[in-house]
Amino acid sequence: MCFVTGAILVGPVRRSWPIAAALVVALLICPRVRADDQEGDYVVLPRDELVDRIRGGLLGEMLGNLNGLPHEMKYLRDPGNVARYTPALPEGAWTDDDTDIEWVYVCAMQQRGRLLLTPTTIAELWKRHINSHIWCANQYARRLMDLGFLPPTTGNPLLNPWSDFNISGQFLCEAFGLVAPGMPQTAARLGIHYTRTGIDGEPAQATQLFTAMIATAFLTDDPDEILRAGLANIDRRSVLAKVVGDVRTWYARFPHDWRATRLRLKEHYSHGGGTSMRDRNGYELNTGSIVAALLYGRGRVDDTLRMAFNFGWDADCNAATAGTIVGVMTGYRRMMASGWVIVDRYRNRTRPGMPEDETIITYADRLVELAERCLAMEGGKICTKGNRPVWIVPRQVPKPVAPLRGPKDWAHDLIVRYPCDQLRKDLRTDDEQTAARAAYVALCTDRWRELRAEAPDAWRRAVRALGRYEVLVKALFSSPTPRARRLKEAALLAGLKPVQ
């Protein structure tokens, strides 16, 4: 492995020394090009800078994630008190759900040569690689796949009782901002395609917000300009828009007192004094924390991540998202010039069947390959400007690509996909998975009483079949969410028993 501290390389260099040497040369001869290097309806992105910023974004994400783990869920009622922090990965990085679910997607996108994988492929990838080290909405989505549900149905809140508030919409979206540099709409479309595997509603707006912010960070170093682009990319009816607006207002009022902003965030948006599972795992407090960390961090990687730690709640996820944005703003070269101890390794601890020899750089270069594919598909052209390869990219104005969805949309999706005649047929089938799935849909859409009355024997057989999916049943009866409580009541009345 390559041991990197500042611009010094020690130990076996293997694949990394040519990259490091190229970066040193680029640092000496290549001036940084910003958003003002634009021509009419096009934006100019120098290729070396594109690579540098993607690598910086991924490194920032890993630093926020892994350096944030000691602070995860530690500061709930009150903020943290981290006064000093130096980013470091002295043992390299390792897989964690903040980065490794996207890693599975990225490798498959690269191997298959397509940016939008089919729902069937996504479910196959989860069944092959993503069976542990997942929680809440993602864990429940995986269990729904056992019943034969495919994304995005696995993220429908009527079926998945975590998905209307879970932060999976933000901490599983960063890679899609990185592969759509300067293109906030494209970034949001890619992100929502994948994050709706486990979420919908407001959390999908979080996907639009943060993918747009990451994409915009390729064009500007101004955190407020990045925030404005993110806001323009989401449905203005969303609670999320109000959260972001409130945090910006509080920051303007208390620019030197982050604790005052944190207190108001908790007072306005907590559902249980900041300590409930709904608060710890919900988008309001965690999205607000990311926005505040970016503002109070003032463009510095170390200060931004320290703020994300101190704001608390799901601090590692929040720091990972904030770290991606500020990492793109800063770039890999400048981050490494800070003298932080970073080992170029990405050890696979959690995803069987995935590469065992990945590094931070090789992962980042997968993203670079996808980004260039994305740029070309969106009409970008690569050419030379001043003896320097550059991408000429059509300008995208931030705007919502997906409206805010709610209960009527979720119910409509299921009624169209599983009309009553289809449920009646499926309940009577000899195929246990089909019958169990029909029983679960009937419970979740409150059609079970009618179907049970029409065919009581078929209903009992289907419920018994559903009960044999013990991991899903355990997930249902152990979920503390409001939707799960209502679903558990219906399940008990309908004859489904908790697994002992």
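Each value in this text was obtained by applying a stated rule to the coordinates, not by laboratory testing. Note that the coordinates shown come from a computational prediction; the quantities given were computed from them, not determined experimentally. As a convention, Cβ positions derive from the backbone with ideal geometry for all residues, glycine included, and neighbour counts pool all protein chains shown.
Model label sites at THR220 and LEU492, defined 7 Å from Cα along the beta-carbon direction, differ in position by 5.3 nm. Here CYS383 and THR120 are evaluated by their C-beta separation; at R0 = 45 Å the FRET efficiency comes out at 0.70. Of the trypsin sites (Lys or Arg not before Pro) found in the stretch 216-308, those that fall in a DSSP loop while having at most 16 other beta-carbon atoms within 10 Å are ARG236, ARG237, ARG298, ARG300. Net charge of the neighbourhood of LEU263, taken over other residues with C-beta under 10 Å away and scored Lys/Arg +1, Asp/Glu -1, is +1. In a fully extended conformation the segment linking PHE477 and GLU356 would gain 39.9 nm over its present Cα-Cα distance, using 0.36 nm per residue.
In this label model, LYS408 and SER276 are separated by 2.6 nm, measuring between points 7 Å along each Cα→Cβ vector. Database remark: amide H of VAL390 closer than 5 angstrom to the amide H of ARG47, CYS383, THR384, LYS385 (H placed geometrically; neighbours at sequence offset of 5 or more, or on other chains; Pro and chain starts carry no H). Given their separation in residues at 0.36 nm each and the Cα-Cα distance between them, ARG300 and HIS268 gain 8.8 nm when the chain is fully extended. For the set LYS127/LYS266; LYS242/LYS408; LYS127/LYS381; LYS242/LYS399; LYS74/LYS127; LYS127/LYS474, the pairs lying more than 28 angstrom apart at their alpha carbons are LYS127/LYS266; LYS127/LYS381; LYS74/LYS127.
Where only DSSP H runs of four or more residues are counted, the chain gives -17500 deg cm²/dmol as its mean residue ellipticity at 222 nm, each run worth -39500 (n - 2.57).
Relative to the longest principal axis of the Cα atoms of the chain, helix 239-253 runs at roughly 40 degrees. Which of the following values of Cα extents along the principal axes in Å was calculated from the structure shown: (1) 93, 53, 46; (2) 74, 56, 46; (3) 77, 48, 48? For Cα extents along the principal axes in Å, the calculated option is (3). The trypsin sites (Lys or Arg not before Pro) found in the stretch 412-500 that occupy coil by DSSP, while having at most 14 further C-beta atoms within 10 Å, are ARG468. Listed values for the stretch 274-288 are Karplus-derived 3J(HN,Hα) couplings in whole Hz (6.51 cos²θ - 1.76 cosθ + 1.60, θ = phi - 60°), namely x, 10, 6, 4, 4, 6, 4, 10, x, 6, 4, 5, 6, 4, x, and x replaces Gly and Pro. Angle of helix 482-494 to the longest C-alpha principal axis of the chain, folded into 0 to 90 degrees and rounded to 10: 20°. Between ARG112 and LYS425, the contour length at 0.36 nm per residue exceeds the Cα-Cα span by 109.0 nm. Add +1 for every Lys or Arg and -1 for every Asp or Glu among the other residues with Cβ under 12 Å from the Cβ of TRP459, and state the total. Spelling it out: positives minus negatives among the neighbours equals +4. Taking 7 Å steps out from each Cα toward its Cβ at LYS74 and VAL341 produces label points 1.8 nm apart.
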